[in-house]
Amino acid sequence: MTESVGFLEQAHLELAARVDQFARAQVEPRSTEEPDYITQARELLKRIAAEGLLRYVAPSPYGGLHPYVDIRSLCVIRRGLARYSSLADTMFAMQGLGSYPITLAGSDSLKQKFLTQVTSGEAIATFALTEPLAGSDAASIRTVARREGGEYILDGDKKFISNGGIADFYVVFAKTDPALGRKGMSAIVVEKDRPGFTTNALEVIAPHPIGEVHMEGCRVPVENLLGREGEGYSIVMRTLESFRTTVGAAALGLAERALQEATSYTKGRVQFGKALSEFQGLRFMLADMATEIEASRVLVFQAAAKLDTARNAGREDPSSVLASSMAKLYATETAQQVIDRALQMHGGTGVLKGTVVERLYREIRALRVYEGASEVQKEIIAHQLLRASQNGSTAAPPKAS
Ligand SMILES: Cc1cc2nc3c(=O)[nH]c(=O)nc-3n(C[C@H](O)[C@H](O)[C@H](O)COP(=O)(O)OP(=O)(O)OC[C@H]3O[C@@H](n4cnc5c(N)ncnc54)[C@H](O)[C@@H]3O)c2cc1C
């Protein structure tokens, strides 16, 4: 696999090799059947934890490997896992996405309690923002958290929550002051066994634990608030700005696998007396796929490096927001096209259940939707561009959940 981009350090390259070895041996589905994927998901998480990979999702005082969350490492791991199993990638990614708000804004005791369990794999994390009536427009959420004495009382519904139903805790975004709009949004950790908190499962096209959440008079202690009241929206944005780059990395892994499958299939399959790989029409397709994948690789690791550099310097870098959206947009759209072409090159074999390209075809689809659909990424990119050329603009882009 090419590692031509100069955004990675030696430690990242070593991590990539380790993840590849681990995922090849312990992550790739071995059967054409899809047994209970929830059981599989739990088993995969255990293996990922045993390999020490969850130590990359939180900072060092709380079980993490480094004093910070290194976005390039997350990208390297997601790319490596996604090549073999999207389910493994989801289980890893959600431990990061669901705990990052606590890393950003949690009190020391919340970090001790939740992050240590996330990094050991004992607790499964979630990020609960989307609602039936609030998807791309995340600021319009209707869940409310009313303070009464030492507790918040939560009422509302969440939808499309990854790990919903199997998680141990949920970072729930709710309005503590609905009159203030997005400025009245707060982030609150809700443990799964709180009274008034229920879930039910949803099914999507590829194995992915996901569900709905219902909160009715659900009481949690005020100590579970992340940061201060009103900081929820900023926590959402800061989390997604970092994590959407990692979605691009997962898409990159899926696309790389598709190209690998297409290359070996076309070399081995003979029609009209020669290997498919000798037909110019297919050779050009392979060349386009490889070129677009290389461009994805550069965009993803460039964005991740920008995020890591800004974090190390302790400053915000608007160009990393732009880079992150471009990486997610380009890598996910490219992966969809690359996988489609790889499937086409397999002919009928490509749609047979159990073929790797058939699995990739189902696995890629959701990545163009979650953490800000492609259209929303375009709006963010356009907003950043126009703001840069029109100082003083206050227009806000759509919110990417
Ligand atoms: C597999 C999966 C996992 C998910 N996991 C989570 C999770 O863990 N936590 C969580 O909170 N959410 C999660 N989501 C929800 C996801 O973030 C939302 O589905 C996504 O933000 C889109 O919201 P929506 O589905 O309500 O679509 P809508 O917002 O209704 O959008 C529908 C379509 O309209 C387009 N659109 C919307 N606004 C605009 C605009 N201004 N300009 C142009 N086009 C626009 C969208 O791009 C989309 O194509 C998950 C979703 C999926 C599919």
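Where residues in region 350-393 are of a type in the set (Gly, Ala, Ser) and part of a loop (DSSP other than H, G, I, E, B), which of them is nearest to the ligand (Cβ to nearest atom)? Don't jump to the end; show me each part of the working.
Step one: of region 350-393, the residues of a type in the set (Gly, Ala, Ser) are 350, 354, 366, 372-374, 382, 388-389, 392-393.
Within this subset, residues satisfying the condition of being part of a loop (DSSP other than H, G, I, E, B) are 354, 372-373, 392-393.
On the way: 354: 22, 372: 6, 373: 3, 392: 23, 393: 17 Å.
Ranking the candidates gives 373 first.
For every residue, the table says whether it meets (1) out of contact with any Leu (no Cβ under 8 Å at 6 or more places or on another chain); (2) under 27 Å from residue 29 (Cβ atoms); (3) not charged (D, E, K, R).
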residue	(1), (2), (3)
210	no, yes, yes
221	yes, no, yes
226	no, no, yes
234	yes, no, yes
238	no, no, no
248	no, yes, yes
259	no, yes, yes
277	no, yes, yes
281	yes, no, yes
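Can you report the number of residues in region 66-114 which are closer than 27 Å to residue 190 by Cα, part of a helix (DSSP H, G or I) and within 14 Å of the ligand (Cβ to nearest atom)?
First, pick out the residues of region 66-114 that are closer than 27 Å to residue 190 by Cα: 66-71, 74, 78, 86-114.
Adding the requirement that they be part of a helix (DSSP H, G or I) leaves 71, 74, 78, 86-97, 100-105, 108-114.
Now restrict to residues that are within 14 Å of the ligand (Cβ to nearest atom): 86-87, 89-97, 100-101.
Matching residues across region 66-114 total 13.
Return the total of residues in region 34-57 being more than 12 Å from residue 92 (Cα to Cα), in a loop (DSSP other than H, G, I, E, B) and in contact (Cβ under 8 Å) with a residue 40 or more places away in the chain.
1
Restricting the search to region 188-204, which residues are within 12 Å of the ligand (Cβ to nearest atom) and closer than 16 Å to residue 127 by Cβ?
Let us first name the residues in region 188-204 that are within 12 Å of the ligand (Cβ to nearest atom), namely 202-204.
Passing the criteria: only 202.
Buried (at least 22 other Cβ atoms within 10 Å of the Cβ), farther than 18 Å from residue 205 by Cβ and in contact with an Asp or Glu (Cβ under 7 Å, 6 or more places away or on another chain): does that describe residue 324? So that I can check it myself, show each step before the final result.
On the way: buried (at least 22 other Cβ atoms within 10 Å of the Cβ): yes; farther than 18 Å from residue 205 by Cβ: yes; in contact with an Asp or Glu (Cβ under 7 Å, 6 or more places away or on another chain): yes.
Yes, satisfied.
In the set 215, 185, which member is of a type in the set (A, V, I, L, M), closer than 29 Å to residue 43 by Cα, modelled with pLDDT of 95 or more and outside the structural domain of residue 377 (by TED's automatic domain parsing)? Break it down into steps so the answer makes sense when it comes.
Details: 185 fails: closer than 29 Å to residue 43 by Cα.
The match here is 215.
Here is a list: 392, 348. Which entry is surrounded by fewer than 16 Cβ atoms within 10 Å (Cβ to Cβ) and at pLDDT 95 or above?
Values: 392 fails: at pLDDT 95 or above.
Going through 392, 348 in turn, the sole match is 348.
Could you check residue 198 against (1) part of a strand (DSSP E or B); (2) under 19 Å from residue 99 (Cα atoms) and say which number it fails?
Unmet for residue 198, out of (1) part of a strand (DSSP E or B); (2) under 19 Å from residue 99 (Cα atoms): (2).
Being of a type in the set (Lys, Arg) and in contact (Cβ under 8 Å) with a residue 24 or more places away in the chain is the filter here; which residues of region 313-372 pass it?
Taking region 313-372 first, the residues of a type in the set (Lys, Arg) are 315, 328, 341, 353, 359, 362, 365, 368.
Within region 313-372, 328, 341, 353, 359, 362, 365, 368 qualify.
Taking the conditions exactly as written (in contact with a strand residue (DSSP E or B) (Cβ under 6 Å, 6 or more places away or on another chain), outside the structural domain of residue 61 (by TED's automatic domain parsing), crowded, with 17+ Cβ neighbours inside 10 Å and small (Gly, Ala, Ser)), does residue 156 satisfy them or not?
Working: in contact with a strand residue (DSSP E or B) (Cβ under 6 Å, 6 or more places away or on another chain): yes; outside the structural domain of residue 61 (by TED's automatic domain parsing): yes; crowded, with 17+ Cβ neighbours inside 10 Å: yes; small (Gly, Ala, Ser): yes.
Considered against the rule, which asks whether it is in contact with a strand residue (DSSP E or B) (Cβ under 6 Å, 6 or more places away or on another chain), outside the structural domain of residue 61 (by TED's automatic domain parsing), crowded, with 17+ Cβ neighbours inside 10 Å and small (Gly, Ala, Ser), residue 156 comes out as yes.
Hand me the list of strands (runs of 3 or more DSSP E) wholly inside region 129-184 holding 3 or more residues that are within 16 Å of the ligand (Cβ to nearest atom). Even if it seems obvious, please write down each step before you answer.
Working: elements: 144-148, 151-162, 169-175.
Because the criterion is at least 3 residues that are within 16 Å of the ligand (Cβ to nearest atom), the strands (runs of 3 or more DSSP E) in region 129-184 that meet it are 151-162, 169-175.
The values are calculated or read from the model by the stated rules, or taken from the named source; none is laboratory data. Since this is a predicted model, take the numbers as computed values, not measurements. Virtual Cβ from ideal backbone geometry, glycine too; neighbours counted across all protein chains shown.
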